[in-house]
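> I have a structure I would like to understand better, so I am pasting it below and will then ask my questions one at a time.
Just so you know, all these numbers are worked out from the coordinates, no wet-lab data involved. Note that this is a predicted model, so its numbers are computed, not measured. Positions of Cβ are backbone-derived with ideal geometry, glycine not excepted, and every protein chain shown enters the neighbour counts.
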């Protein structure tokens, strides 16, 4: 693998996204702060802002680093550098997954801290929050894979829309599963088999999305 | 250069029997050799296959048949090694709108040890660009020149330029062409320059290759084209029959007047017509554009005849 050039491509993408990423992180922190306010309205506002900032951050990253590269016709410039299509794919995957996961992890940890330390929020919410927050990562990985494979704004927007609708429906469904839903009002955290199965399935789907992107990229005959 | 063209090291580009098929277009049996230190003009109409050929040379489009070697590296497998010494610019290439010219120069400098800071500064002045200006604030001509600056200051051994002067005003085109001519002062450097603007190619190239509908229909050095191609205007007696000489591309007769286009003009051609009773009114030189158009029409006529027979 051509690591020096992969780093150059990642550095370029970091340069163009760094301010926006800091902004999304700060927005995420504000939402976590709202979660900790002992007020139902503030809690819901915080949850909505947290989820929205993660979804929008993911879409922003994918749009600027992958779709815009094709749309703004900077891809020929990038590919004129000494990189192969596979180097390009590795670089795009790493910068997107890396940037998203770092901020997601910081916000997830902050969220768990709030859940565990604010009296009015039941500790049992941790399991639901784990599955829900991990689902945002999975949705991000699927959209990223589609964007890398198709380089199409249209297809990516379609998948983004479907995934956003699915996220709400999925969470609604989660709350109806007693092994998960019953914990949302409990002080006990129960990492039962249902919760662990959901988490494992999400990780498998996420890895499958990454592998699918690499598989289709390796089969591409034309890169420009 | 003393090296034989059979020596791989003597060729910057070596394409042998290269084919690539799409649903509505096919690049067929392309053979293209570019000796080091030469500029080849690659002329074709829109959709002829110039860009596809260039992208195959960059390793960004996989050919289905044949062999492609660039600077001694088989493509696309060794594209990373090859690209260190290839400067590629295409009409549809853009720099990053939100970044300045200076940012792009710093970026290229961080990648390429061969980046020449002084030369880059010289080009900024020569091309009348402000280094601190963002790309989105530049005019089209300035953007094209900024893109060329990014590859020229790297000093690559091979430049692949796919319609680089399209959309430039005459002054900008002149600046770019002059700079490309300077590149060739280093005899190891080579340029493949595609365009449908024959004036630019005529000004710049040593060798000319014509491509049409995915096939190479002619490849010679520029001087040969300009020396051998002629339009002959004749006055011919009513019943005289003009012999079918080799190299005749087109023959038009209107009464006693005849216009012959040949790609193999010499004294023998003139003498043969005179022996048939024809009087030569004029032997006209042809521009590269006229040669290109005639070659394309002849190729298309041949294809049509082959298809019907």
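> For B:51-58, what's the mean count of beta carbons from other chains sitting within 10 Å of each residue's beta carbon? If you can, show how the numbers build up before the last one.
On the way: counts 1, 2, 0, 1, 5, 1, 0, 5.
Per-residue shielding by partner chains comes out at 2.
> With a cut-off of 8 Å between alpha carbons and a minimum separation of six or more residues, what is the relative contact order of region B:226-308 in percent?
With pairs under 8 Å counted, the relative contact order is 39 percent.
> Between region B:216-265 and region A:148-207, what is the separation of their alpha carbon centroids in Å?
First find each Cα centre; the distance between them is then 75 Å.
> With every atom except the alpha carbons ignored, what do you get for Rg and Dmax of chain B, in angstroms?
Cα radius of gyration and Dmax of chain B are 22.3, 75 Å respectively.
> Once you've got the GNM for chain A with C-alpha springs shorter than 10 Å, pick whichever of A:123, A:17, A:39 has the biggest mean-square fluctuation.
Ranking A:123, A:17, A:39 by mean-square fluctuation puts A:39 first.
> Given 5 Å bins starting at zero, what is the percent of C-alpha pairs of region B:45-180 in each, up to the one with the largest pair distance?
Pair shares across the bins are 2, 10, 19, 20, 21, 14, 9, 4, 1, 0.
> Helix A:193-219 versus the longest principal axis of chain A: what angle, 0 to 90°, nearest 10, using Cα atoms?
10 degrees
> Mind ordering B:213-225, A:165-177, B:17-29 by average Cβ neighbours within 10 Å, highest first?
The packing order, highest mean first, is B:213-225, B:17-29, A:165-177.
> Related question: Tell me, what is the Rg over Rh of the protein assembly as shown, with Rh the Kirkwood radius over Cα pairs? Can you show the working numbers first?
On the way: Rg = 31.2 Å, Rh = 27.3 Å.
That ratio equals 1.14.
> Mean-square fluctuation check for chain B, GNM, Cα pairs under 10 Å: which of B:59, B:47, B:37 is largest?
Among B:59, B:47, B:37, the largest GNM mean-square fluctuation belongs to B:47.
> Just to be sure I understand the model, the point goes 7 Å from the Cα along the line to the Cβ. What's the resulting residue A:48 to residue B:238 distance in nm?
According to this spin-label approximation, the distance is 9.6 nm.
> Now for a different question. Considering the convex hull of the alpha carbon atoms of region A:3-219, report its projected area averaged over all viewing directions, in nm², one decimal.
It is 12.1 nm².
> Normalise the Cα radius of gyration of region B:226-308 by 2.2 N^0.38 Å (N = residues in it) and let me know the number. List each step's numbers first, then the result.
Values: Rg = 13.0 Å, N = 83, 2.2 N^0.38 = 11.8 Å.
For region B:226-308, the normalised Cα radius of gyration is 1.10.
> Another question, if that's okay. Can you tell me which of B:48, B:270, B:153 moves the most in a GNM of chain B? Springs connect C-alpha atoms under 10 Å apart.
In the Gaussian network model the winner is B:270.
> Still on this model: Taking only Cα atoms, what is the 0 to 90° angle, nearest 10, from helix B:170-183's long axis to the longest principal axis of chain B?
80 degrees
> To the nearest 10 degrees, how steep is helix A:85-117 against the longest Cα principal axis of chain A, on a 0 to 90 scale?
Roughly 10 degrees between the two axes.
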